[in-house]
Amino acid sequence: MLVTTEADSRKEKILVIRMLGLGDVTCIGVPSVRYIKRKHPSAEVHFLTYATGFEVMALAEPQVKTFGLKKGEWPEDIIKAMEVFLGLAEIIVGEAYSKIINLDTWFMPGFLSRFLKDAGEPVEGNYIGMSITDLITQFQNQTLSATFVNDPAQYLQSTWFSMMRWHTTWWQSDYLPERGYPEFYLRTCCGWQDIDLDMQIQITQDKQIAKKGKNKKVIALATQARTAERSYKLTEQLEKALKEAGFEVWSKFDGSQSMRQTLAMLKSSDLLISVPSAPQWLATAVGCPVMIISGNVDPRTLMPDYATDMSSQPAEVQSLIEGVLSIFDGSVDAVEEPSF
């Protein structure tokens, strides 16, 4: 007679952690949750995230239980942040997960996974390379190095041996992932060679944008990034020039509208022009082609459909207009000639 024990009958429950940033929640968090669901079809999968990450996961995988910190609940002060994240740890321990996978590379999620790991929880993935006791002691004694807290090369450790590749200039190697950073991170660093990289989000087109798109090409413009050095300084001139060239242009990536609305508008657009930032992955999730204004970021790390060459100076507006026109007249191929 086959006897089923309580442990055998308990449903597998897995937590996936990806809190920052919005682009990584989209291009890493979403594919990872789908991968875990495929690998563990009978498991209950939960997702821990932050701010707009809630909306992205709710739209991509509405059946997944998503929780974490809402915007404004993540203190900048490290001691207060520790208190908040220890509160999350208490919730996580109470859930009795069979596996906890931390995909995040930021310090505080690493602090959380280190606490859980030291508490005997089944943690896989990234964590900080210092015990919580030593961290607090050094902070109290004012011996904690700011470099340790701010530099992932100092604090990041992982159960994935190949995570050390994350610190390298991997985009300059002979092997260049076709999907850019998400493929490199998930397949190489995490070792998930058979992951599908599926970040697609099913969304209905925005009716107003779709109506305008019947008469002219619609371009979404996302030229502001989290850091000033990645932002494009000639936005007003570019928008004016695009309109004069006959394009419909919109730009609402400032958090003033819902994620559903933003994705619906991208779904209805013919092209996104963006600096290296989250909108690239939002556009990819709904099938909108992307042209990246590279700036100082090597476009090989992102592998967009189209990209400008790297430059420390803002890309010339006229050059961008010519590039957009060449995209729509078919003289630039998205696969063979991604840069111009």
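The values are calculated or read from the model by the stated rules, or taken from the named source; none is laboratory data. Just so it is clear, the structure is predicted and the values come from calculations on it, not from any experiment. Reconstructed Cβ throughout: ideal geometry from the backbone, glycine too, with neighbour counts over all protein chains shown. Note: areas computed on protein heavy atoms with side chains; ligands, DNA, RNA excluded. Shrake-Rupley method; radii C 1.70, N 1.55, O 1.52, S 1.80 Å.
Scanning the range 34-50 for residues that are out of contact with any helix residue (DSSP H, G or I) (no Cβ under 9 Å at 6 or more places or on another chain) and either assigned to a helix (DSSP H, G or I) or closer than 20 Å to Arg260 by Cα (or both) yields a count of 4. Taking the criterion of being closer than 20 Å to Phe115 by Cβ and open to solvent by 60 Å² or more (accessible area, probe 1.4 Å), the residues of the range 147-166 that qualify are Asn150, Gln154, Gln157, Thr159. The C-beta contact set for the range 242-265 (first residue without any contact (Cβ under 8 Å) to a residue 12 or more places away in the chain, second residue not in a helix (DSSP H, G or I), distance under 8 angstrom, 6+ apart or interchain) comprises Lys243/Val249. Residues that are outside any helix (DSSP H, G or I) and either of a type in the set (A, V, I, L, M) or buried (at least 19 other Cβ atoms within 10 Å of the Cβ) (or both) within the range 193-216 comprise Ile195, Leu197, Met199, Ile201, Ile203, Asp206, listed in sequence order.
Before we move on, is Phe111 surrounded by 18 or more Cβ atoms within 10 Å (Cβ to Cβ) and touching a strand residue (DSSP E or B) at 6+ places or on another chain (Cβ under 6 Å)? So Phe111 fits the description; yes. Among residues of the range 187-203 that are touching a residue at least 24 places away in the same chain (Cβ under 8 Å), those with a beta-carbon under 7 Å from a residue that is buried (at least 17 other Cβ atoms within 10 Å of the Cβ) and hydroxyl-bearing (Ser, Thr, Tyr) at least six positions away or on a different chain give the pairs Trp192/Tyr35; Ile195/Tyr35; Asp196/Tyr35; Met199/Thr26; Met199/Thr284. The residues on offer are Ile17, Ile78, Ile91, Ile36, and the sole one that is over 27 Å from Ala264 (Cβ atoms) and in contact with a Gly (Cβ under 8 Å, 6 or more places away or on another chain) is Ile17.
Say whether the condition of being in a helix (DSSP H, G or I), farther than 18 Å from Trp171 by Cα and at pLDDT 95 or above is met by at least one residue in the range 294-308. No. Just to be sure I understand, how many residues within the range 155-190 are in a loop (DSSP other than H, G, I, E, B) and either under 18 Å from the mean Cα position of the chain (by Cα) or aromatic (Phe, Trp, Tyr) (or both)? Of the residues in the range 155-190, 7 are in a loop (DSSP other than H, G, I, E, B) and either under 18 Å from the mean Cα position of the chain (by Cα) or aromatic (Phe, Trp, Tyr) (or both).
Does the range 255-271 contain at least one residue that is within 24 Å of the chain's Cα centre (by Cα), modelled with pLDDT of 95 or more, among the polar types (S, T, N, Q) and assigned to a helix (DSSP H, G or I)? Yes, some residue in the range 255-271 is within 24 Å of the chain's Cα centre (by Cα), modelled with pLDDT of 95 or more, among the polar types (S, T, N, Q) and assigned to a helix (DSSP H, G or I).
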